[in-house]
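The values are calculated or read from the model by the stated rules, or taken from the named source; none is laboratory data. What you see is a predicted model; the values in this text were computed from it and never measured. Please note: Cβ atoms are built from the backbone with ideal geometry, for glycine as well, and neighbour counts cover all protein chains shown. Surface accessibility is based on the protein's heavy atoms, side chains included, excluding ligands, DNA and RNA. Shrake-Rupley method; radii C 1.70, N 1.55, O 1.52, S 1.80 Å.
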Protein chains: 2
Amino acid sequence: MASSAVTVRVFSLNCWGIRYLSKQCAERYAMIGDFLSSGEHDIVLLQEVWSEKDFLGLKKKLAFSHPHSHYFKSGVIGSGLAIFCKHRIHDTFLYRYSLNGYPYMAHHGDWFGGKAVGMAIIQIGSLTANVYVTHLHAEYCRDKDSYLPHRVVQAWELQQFIRHTSAGADAVIVGGDLNMHPQDLGTRLLMSYTGLKDAYLETSQFDGCEDGITLIADNPFINKKELIPFEKGIRIDYILFKGSPKSEIRCDFMSTTKGSIPEKPFPFSDHEALMADLRLTPLASQETRHDKSSQDSGKVAELVDTLTEARTEVKVGLHCAERMRYTATRTGIMGLALLILELAIAAVPWLALGTEQSFPRTSFYLLAALCCAILITTFLLYVFYTMELKSLQGAEDQMRLAVGSLQERLRGVSVDHTPLRKPPEGEEPSTFDTEE
Amino acid sequence: MASSAVTVRVFSLNCWGIRYLSKQCAERYAMIGDFLSSGEHDIVLLQEVWSEKDFLGLKKKLAFSHPHSHYFKSGVIGSGLAIFCKHRIHDTFLYRYSLNGYPYMAHHGDWFGGKAVGMAIIQIGSLTANVYVTHLHAEYCRDKDSYLPHRVVQAWELQQFIRHTSAGADAVIVGGDLNMHPQDLGTRLLMSYTGLKDAYLETSQFDGCEDGITLIADNPFINKKELIPFEKGIRIDYILFKGSPKSEIRCDFMSTTKGSIPEKPFPFSDHEALMADLRLTPLASQETRHDKSSQDSGKVAELVDTLTEARTEVKVGLHCAERMRYTATRTGIMGLALLILELAIAAVPWLALGTEQSFPRTSFYLLAALCCAILITTFLLYVFYTMELKSLQGAEDQMRLAVGSLQERLRGVSVDHTPLRKPPEGEEPSTFDTEE
């Protein structure tokens with residue numbers, strides 16, 4: 001049965017909403033709320049809404065324009081992810097990334113934020129849409145990015161989550177701050193594995209910053225030095241989408257804010273807001289169509305290359321985490337040795353020369369306290385690095401398995417021209433596939 | 001196209017594999033490996049394989065009978081979850097439960113295990129099967145179970161994970177140690193929300209312990225006192241399954257070990273092993289069939305009741321976590337006050353009466369060290385309880401939203417008799433569903 005198309009307007013913004021730290025935080029939330037309350041956008045995906053109070057403030061303001069909302073809670077201060085929607089949210093699910101920086105890097109704060117990907121299932125006309133909002137670990141130094149393995153694992157888990165949870169969806173819409181450039185390893189991994197399309201690249205018409213950049217030098221909240229060597233800015237925020245055998249999605253128009261808002265003293269945030277008009281067309285034929293993107297052997301080969309690159313990056317992270325755990329262990333052993341030595345020095349005169357204390361008391365207690373502090377700290381670090389190692393190893397294992405499976409499919413494609421995901425329909429199903 | 005049925009034999013066992021702590025650990029692994037290497041079982045789901053070395057030992061032994069395997073890594077010592085399979089594993093995904101006990105309850109050890117649910121996608125004949133293996137937080141005291149809210153949240157996340165990731169699967173198979181009795185809240189939540197069927201209840205033929213119990217008093221590794229008031233034992237391990245519009249699954253035969261293994265001095269583990277013969281019949285008609293279990297308004301109403309019960313339990317957990325965070329805060333403030341007081345006492349004579357130190361040095365340093373230890377510990381506890389609170393609140397929010405959505409469906413069912421998941425096909429898709 002043919003149905004008419006529906007246009008869904010999606011809005012995505014990293015709100016930079018750190019209370020008391022982000023500049024003009026309250027004023028900017030008021031501006032964002034006023035802008036959204038006009039009800040122009042059907043789906044609003046926000047990141048860095050760090051305070052639940054700010055979410056509740058927005059919720060109150062958008063009660064009429066966007067009656068349905070969800071705030072995803074995670075970590076110590078929350079995931080910062082929020083969704084406002086004109087359509088009823090039928091179901092939600094949150095996936096917390098297994099790696100997300102280090103708790104002792106408190107000034108970077110990512111660990112405390114509990115970065116995650118949130119999913120909301122909504123019904124748009126006759127179509128079920130899975131809407132995802134996410135925020136990946138920040139990049140503080142591109143040249144020497146110690147968080148790169150963590151971000152690659154996050155991109156890996158993001159694509160896994162989207163791929164595995166969207167099988168029943170007619171349409172997939174993803175918005176968020178990926179903290180990755182379009183050609184970065186993580187972005188390529190995400191796009192090629194999921195088959196998601198980038199609204200900026202796909203849109204028929206675009207009105208916004210040059211090259212679609214979302215962190216621009218002209219934004220007054222931006223420290224220009226941090227953007228070097230990208231003078232104009234970088235594109236790290238995205239709206240992505242994917243259709244299904246039951247629907248086709250096209251991006252008719254996309255726009256971004258341009259560093260300032262007309263008649264306002266400052267912009268919404270240090271990031272630019274993204275807006276996309278997605279046209280969803282329900283397809284009459286509902287028979288299972290094999291997704292061409294995953295069948296094309298060229299694309300599969302490219303995906304294998306990307307995965308291999310990702311495995312290398314994860315291995316670098318593994319090596320680094322192992323080294324850090326080793327350093328923690330060695331420091332811990334040294335602290336223990338020092339403590340034993342100190343106790344021995346303190347005990348020997350007592351044993352051999354009577355009760356006279358030859359070790360200065362003050363130094364004794366200070367040194368003992370220092371040793372205990374070293375032992376506790378190194379123990380906690382050991383536990384933390386072990387967990388990091390497990391997560392990195394887990395991701396590497398899964399990637400290796402995925403490469404094996406893709407290569408198997410590739411062989412199938414190049415030799416048999418059989419579909420990638422399913423064996424031929426006529427195959428005898430009672431014979432087991434016991435190939436190695 | 002009609003295809004013949006396939007029988008899949010599933011094996012599930014909690015291996016109790018704590019090296020150096022579990023009795024006869026190495027011997028039991030050797031027994032398990034010997035038993036499985038006969039190749040009788042197509043899918044082997046193991047829990048509590050805490051050491052990767054033991055997994056690798058099994059992998060070597062089962063290289064011919066089960067060429068495909070995956071070990072899920074998580075937490076400090078690993079999730080303990082492993083899968084061995086005759087079929088190629090095409091893809092894997094791991095979901096770590098957001099709540100899993102407390103790190104300071106080291107003697108219970110659950111927190112260090114990083115409890116999770118692992119998924120593997122395999123191809124059985126023409127059917128794609130999603131296989132899940134999981135292990136939930138242990139129950140140490142049924143009467144006063146302080147981990148109940150954590151386990152309920154785990155059951156909630158388990159059902160979310162299975163429901164959202166299995167939309168594209170033709171068959172769903174779940175095995176594991178749920179640490180919940182069949183009538184427990186978490187089990188009801190899992191079963192009613194996912195529509196999974198319990199192999200023990202569905203099987204045509206059963207050979208095993210009375211009432212299907214899997215933790216039995218006759219097992220020599222079991223401390224009988226722990227089973228009180230369940231004299232004979234309890235059923236906490238399960239094999240669950242679900243078909244799809246493309247396949248029908250039936251359990252033809254199910255068996256469990258009975259506390260001892262013929263010709264062996266002791267059983268495989270402190271848990272009994274579960275074995276089920278599942279018959280998968282591909283269905284010729286592949287048109288979307290609405291799942292009756294989710295359409296029946298009686299069942300939806302029951303699910304709403306179960307969810308309400310779960311929300312209450314999570315609220316109890318919230319209350320408890322808030323109280324514990326409050327206690328940590330109060331203790332921290334007392335530690336800080338003590339430190340300030342001490343510093344004031346030490347400083348005042350120095351300021352007022354010259355450099356003469358009136359505070360005994362030893363006591364001074366000991367007290368200062370104690371205060372610092374209190375401050376650090378309470379700070380870490382505060383962070384931990386805040387994360388626990390966020391996870392509990394997150395689960396509660398999602399449950400509330402789910403109840404709202406189910407009640408909406410219920411109203412739809414009782415008034416319109418429309419399908420639950422999808423609006424009627426003829427509905428105009430361009431009109432937005434903006435109901436509140």
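When we screen A:Leu351, A:Leu367 for residues that are more than 9 Å from every other protein chain (Cβ to nearest Cβ) and either at pLDDT 85 or above or open to solvent by less than 80 Å² (accessible area, probe 1.4 Å) (or both), the only hit is A:Leu367. Selection of the range A:1-34 for residues being open to solvent by 70 Å² or more (accessible area, probe 1.4 Å) and under 26 Å from A:Ala138 (Cβ atoms) yields A:Arg19, A:Tyr20, A:Leu21, A:Lys23, A:Gln24, A:Ala26, A:Glu27.
Any residue at all in the range B:98-109 that's modelled with pLDDT under 95, on the phi > 0 side of the Ramachandran plot and touching a helix residue (DSSP H, G or I) at 6+ places or on another chain (Cβ under 7 Å)?
First pass over the range B:98-109, keeping only residues modelled with pLDDT under 95: B:98-109.
Right, trim to on the phi > 0 side of the Ramachandran plot and you get B:101, B:109.
Now narrow it down to the ones that are touching a helix residue (DSSP H, G or I) at 6+ places or on another chain (Cβ under 7 Å): B:101.
Yes, the conditions are met somewhere in the range B:98-109.
In the set (1) in a strand (DSSP E or B); (2) in contact with a helix residue (DSSP H, G or I) (Cβ under 6 Å, 6 or more places away or on another chain); (3) surrounded by fewer than 24 Cβ atoms within 10 Å (Cβ to Cβ), A:Thr128 fails one condition alone, (2).
Would you check if A:Pro67 is farther than 26 Å from A:Ala199 by Cβ and open to solvent by 20 Å² or more (accessible area, probe 1.4 Å)? Let's see the steps before the verdict.
Working: farther than 26 Å from A:Ala199 by Cβ: no; open to solvent by 20 Å² or more (accessible area, probe 1.4 Å): yes.
Here the answer is no, as A:Pro67 does not meet what is asked.
Residue check: is A:Gly75 surrounded by 20 or more Cβ atoms within 10 Å (Cβ to Cβ), out of contact with any strand residue (DSSP E or B) (no Cβ under 6 Å at 6 or more places or on another chain), more than 10 Å from chain B (Cβ to nearest Cβ) and assigned to a loop (DSSP other than H, G, I, E, B)?
Working: surrounded by 20 or more Cβ atoms within 10 Å (Cβ to Cβ): yes; out of contact with any strand residue (DSSP E or B) (no Cβ under 6 Å at 6 or more places or on another chain): yes; more than 10 Å from chain B (Cβ to nearest Cβ): no; assigned to a loop (DSSP other than H, G, I, E, B): yes.
Spelling it out, it is not the case that A:Gly75 is surrounded by 20 or more Cβ atoms within 10 Å (Cβ to Cβ), out of contact with any strand residue (DSSP E or B) (no Cβ under 6 Å at 6 or more places or on another chain), more than 10 Å from chain B (Cβ to nearest Cβ) and assigned to a loop (DSSP other than H, G, I, E, B).
Going by what's in this entry, would A:Ile122 be described as open to solvent by less than 10 Å² (accessible area, probe 1.4 Å), more than 30 Å from B:Ile162 (Cα to Cα) and among the β-branched types (Val, Ile, Thr)?
no
Residues in the range A:370-404 that are surrounded by fewer than 17 Cβ atoms within 10 Å (Cβ to Cβ) and among the small types (Gly, Ala, Ser) were compared, and the one that is nearest to the chain's Cα centre (by Cα) is A:Gly404. Residues in the range A:42-54 that are at pLDDT 95 or above, under 26 Å from A:Ala138 (Cβ atoms) and out of contact with any helix residue (DSSP H, G or I) (no Cβ under 9 Å at 6 or more places or on another chain): A:Ile43, A:Leu45, A:Gln47. Only one of the numbered conditions (1) away from every other protein chain (no Cβ under 14 Å); (2) in a loop (DSSP other than H, G, I, E, B); (3) under 28 Å from A:Asp110 (Cβ atoms) is not met by A:Ile32, and that is (2). All of A:Ala106, A:Ala63 fail the test of being farther than 30 Å from B:Leu381 by Cβ, part of a loop (DSSP other than H, G, I, E, B) and within 11 Å of chain B (Cβ to nearest Cβ), apart from A:Ala63. Out of A:Leu81, A:Leu94, which single residue is on the phi < 0 side of the Ramachandran plot, within 7 Å of chain B (Cβ to nearest Cβ), within 17 Å of the chain's Cα centre (by Cα) and not polar (S, T, N, Q)? Exactly one of A:Leu81, A:Leu94 is on the phi < 0 side of the Ramachandran plot, within 7 Å of chain B (Cβ to nearest Cβ), within 17 Å of the chain's Cα centre (by Cα) and not polar (S, T, N, Q), namely A:Leu94.
Within the range B:252-274, does at least one residue satisfy the condition of being of a type in the set (A, V, I, L, M), open to solvent by 10 Å² or more (accessible area, probe 1.4 Å) and within 30 Å of B:Arg163 (Cβ to Cβ)? Scanning the range B:252-274, I find no residue that is of a type in the set (A, V, I, L, M), open to solvent by 10 Å² or more (accessible area, probe 1.4 Å) and within 30 Å of B:Arg163 (Cβ to Cβ), so the answer is no.
Quick check on my filter: what residues within the range A:35-56 are of a type in the set (A, V, I, L, M, F, W, C), touching a residue at least 40 places away in the same chain (Cβ under 8 Å) and either surrounded by fewer than 18 Cβ atoms within 10 Å (Cβ to Cβ) or more than 14 Å from chain B (Cβ to nearest Cβ) (or both)?
Going through the range A:35-56, the residues of a type in the set (A, V, I, L, M, F, W, C) turn out to be A:35-36, A:43-46, A:49-50, A:55-56.
Filter once more, keeping what is touching a residue at least 40 places away in the same chain (Cβ under 8 Å): A:35-36, A:43-46, A:50.
Across the range A:35-56, the qualifying residues are A:Phe35, A:Leu36, A:Val44, A:Leu45, A:Leu46.
In this structure, A:Asn219 qualifies as more than 17 Å from the chain's Cα centre (by Cα), open to solvent by less than 10 Å² (accessible area, probe 1.4 Å) and of a type outside the set (Gly, Ala, Ser).
Are there strands (runs of 3 or more DSSP E) fully within the range B:163-268 with at least 1 residues that are among the small types (Gly, Ala, Ser) and more than 14 Å from chain A (Cβ to nearest Cβ)? List them. Give the derivation first.
Details: elements: B:171-177, B:237-242, B:247-256.
Correct list: B:171-177, B:247-256.
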